[in-house]
Structure formats: C-alpha cells, structure tokens
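One structure below.
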Amino acid sequence: MSAQAITVVPTAVPEQLVDRFGRTVRDLRISVTDRCNLRCTYCMPAQGLAWLPGPQLLTVAEIARLARLAVERLGMERIRLTGGEPLLRRDLEQIVAALSTLRTRIGTKPDIGLTTNGLGLDKRAAALRAAGLDRVNISIDALDPQNYAALTRRDRLQDVLRGVAGAQAAGLDPIKVNAVAVPEGLSERAPRLAAECLRRGWQLRFIEHMPLGPRGTWRAGDVVGADKVLTVLRRAGFELAPVGRPDRRPAALWDVAAGRGPDGADYPAGRIGVIASVTAPFCADCDRTRLTADGRLLTCLFSATDTDLRSPMRAGAADEEIMRIWAEATWSKPRAHGADDLQAPSDFTAPARTMSAIGG
Ligand code: SAM
Ligand code: SF4
C-alpha cells in the first residue's frame, strides 16, 4: 500500500470501499446503542451523559439494510456489534439473525462478533449463538472485585464472570477478553488476568488507553504502552516470545510458556495479545468502517466528523445513493489518527463523542 494519496474522487458506485491511500474496507463495526450499565472510567463520565432518544436509534430493519449493502454490495466480510453495551438492546438476537442471512461475495455468512461487558450474557448467549453469532469479546479489566468496581464504577464482577461462563457453555469460540491498560494497579491486575485467562482458555488482549473517554481525562504521559505491559508481565515471571500480528490484525501476539501465576497456581502455555493503538497504530492496515447507533458513519475510530446515513435512508434514498455517500466518505478517510504523536498531542483533536457513543 502506498502512503501517497490518490486525488481523483471516484463518482460511480464502487464494488468495494477504498480510500485515497489504497486501503479496502472489509470490517463493519455497528454500535447498536450508546447506553451502558457500567461507567468505565476510561470510557464514560460517572454521570451526566445524555442518551440518544429511542427514535434516533437505527431499527433492526435499518441496521440490516446498511449491513446488506456493506456485505452483499460493497464486499465486507466481518461484522462486529458493539456499543455502549449491545446486550441492552432487547432485539439484539433479531439483529444477529438478520445479519446471519447475508452472504459475502464468496457465498458465506459474514463472520459476526459481539463486543460486550458480559452483563446478562449468561441468559442470552445460547439464543445469540442460535441466531448466528460466531464470537464474543468480553471486557474484563480486573479479576479482583474491588479493582473491577473501581475501574467500572459498578460492583458487577461476579455477574460478568457468569456471563463468560454462559458464553462458553453456549459454544461461543474463541472467547476473547479485552482489558484496557490503564496504569491503576496494572502490576497486580495484568499478571492475574494473564494467568487466569490462560487457565480458562480465554484469549486476553490488553488495549492501550486511547483518548476517547470523558473530555480532559486522558493524558499522553499516562499512556501505558505495549512495552510497559510486557515488562509488567515479564517481571511477574511470564516468559514471552513474539509471534507478530497474524493477518495484520491489530493485536500483536505473544507466546507464553507454561508457568506459575501470582496466586501460586500453574497456568498452561498459550498466547496473549497487546493492541498498541496509541504507541504503534495500525492505521496503514486499517480495514474498518463504523456505524454509530444513530446511523452516522465514521471512517476512523478517532474521526472528529461523521457522515449521516440515517437521514437519507429515512428520506427514501435508494441503495445506490446510500452506497455513493458511503464511498465518498470512505475516500476521504484520513491516513492516520494522529493520537500517536505523544510529543505533540495538542495537534490531535479528540472526537466529541465518548467511546461508549462511538462504538469501540
Ligand atoms: N460495552 C462493551 C464492552 O465494554 O465491551 C462494548 C463497547 S466498549 C466501548 C468496546 C471496547 O472499547 C471495550 O473493550 C472497552 O474496554 C474499550 N474501550 C473503551 N474506552 C476505551 C479507551 N478510552 N481506550 C481504549 N479502549 C477503550
Ligand atoms: Fe460501558 Fe463498555 Fe464503555 Fe465500559 S467500556 S462504560 S462497559 S461501553
């Protein structure tokens, strides 16, 4: 891929979405709600965030229509449902069922994933799986109930662990666990999470803290980079060998040798990942596009501007018109997000919405 921008804007409806830098979109992230039942410190303010009024949310039919254009007309292959907390949508099973009727260019069902905090997943995992859900990422920042409650501002760790058990029982595989690498208690949290995830067969991913939470709460100097996470694990006795980034996916993977955890119990060999979205961004390989719960298109997680697809759709726009708007917005996708320049972070404009309203 060349970093040199092409300047001629395509006018016809394309068969796939490409940008000026030659990147092709294959991955659709759909936020189905901006609401949440946790208040993670790095994502949402403790209080005072207004929810989108219900009529502004995309309906199941609207989500299904945009996803159909993405998969069947524009060549996307993977869909991930996120939020806010997607399990707060009572019709999530209907959304998954509608998405699983779609067929990619090669005639297969798109890969359908869910990113969730896990609350209530035990009661819904089997139905979601039956509807066509393939995989799940569950966010767990700590395995100590007090640490968990401090980071999420809610005392719900046991409910989350019940949710993970439900996902496993329903056969959702793999189970990935997301943990944000905020500095608070990291030297205790990270080794404990790593050991327990290896024991339970969950694929742990540490994610660098991005400037997408409540305004004024992120400081470049506080970012715990991937190197620091690995140092913390090595200090706790983990033997790590680099695997790289298979398929150029965001997570850099590390083989972990079998060992003994901080609790004195053994863990088997396995793998963990670190997503260096801030210190080593993967913008050059980015193949994602995002829809917010109110139908706005974001070509980048960090976009300060968005493109409204819901209004034209509700005004009766034909499929071709919606795809043309989507293609034009994609063409203008920036080369990189700019949050990685930790020396000059003032050049970076954080989006107005918090992560919960963007869809992580
Ligand atoms: N509520 C669901 C959950 O927590 O998994 C889905 C939405 S949440 C916004 C998606 C992911 O974004 C979670 O794994 C969360 O930890 C991560 N996240 C939220 N704010 C973040 C931030 N400022 N930096 C890095 N990751 C963040
Ligand atoms: Fe809610 Fe997920 Fe944000 Fe936590 S990270 S506040 S669970 S949307």
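Just so it is clear, none of the values below were taken in a lab; they were calculated from the coordinates. Keep in mind it's a predicted model, so treat the numbers as computed, not measured. For neighbour counting, all protein chains shown are included, and Cβ atoms are generated from backbone atoms with ideal geometry for every residue, glycine included.
Observations on the structure shown:
- Fraction of alpha-carbon pairs over 18 Å apart in the stretch 41-192 - percent: 61
- For the chain, 36, 197, 283, 286, 300 have no disulfide-compatible partner, since no other Cys C-beta lies under 4.7 Å from theirs.
- More than 39 Å apart - percent of Cα-Cα pairs taken over the chain: 12
- Zone residues, the stretch 73-95, relative to residue 13, backbone N less than 13 Å from point 7 Å out along Cα-to-Cβ: 73-75
- Once divided by 2.2 N^0.38 Å, the Cα radius of gyration of the stretch 133-210 becomes 1.05.
- Distance (nanometres) between label positions extended 7 Å along Cα→Cβ at residue 127 and residue 234: 4.8
- Other-chain or far-sequence residues with amide H under 5 Å of residue 177's (modelled H): 138, 203, 204, 205
- Taking only the C-alpha atoms of the stretch 248-339, the Rg (one decimal) and the largest Cα-Cα distance, Dmax (whole number), read 20.0, 62 Å.
- Three-way shape call for the stretch 109-266 based on the alpha-carbon gyration tensor, with the a/c threshold at 1.5: rounded
- Beta-bridge orientation, the chain: approximately 35 percent antiparallel, per DSSP, counting only bridges with both partners inside.
- Positive-pole candidate from 185, 299, 116, dipole of the chain, charges at beta carbon: 116
- Relative contact order (%) - criterion: Cα under 8 Å, at least six apart; region: the stretch 125-217: 32
- Share of pairwise Cα-Cα distances greater than 17 Å in the stretch 171-242 is 47 percent (whole percent).
- Coil-residue trypsin sites (Lys or Arg not before Pro) of the stretch 14-119, DSSP, other Cβ within 10 Å capped at 14: 90, 103, 105
- Taking 168, 203, 158 in turn, the Gaussian network model of the chain (Cα-Cα springs below 10 Å) assigns the largest fluctuation to 158.
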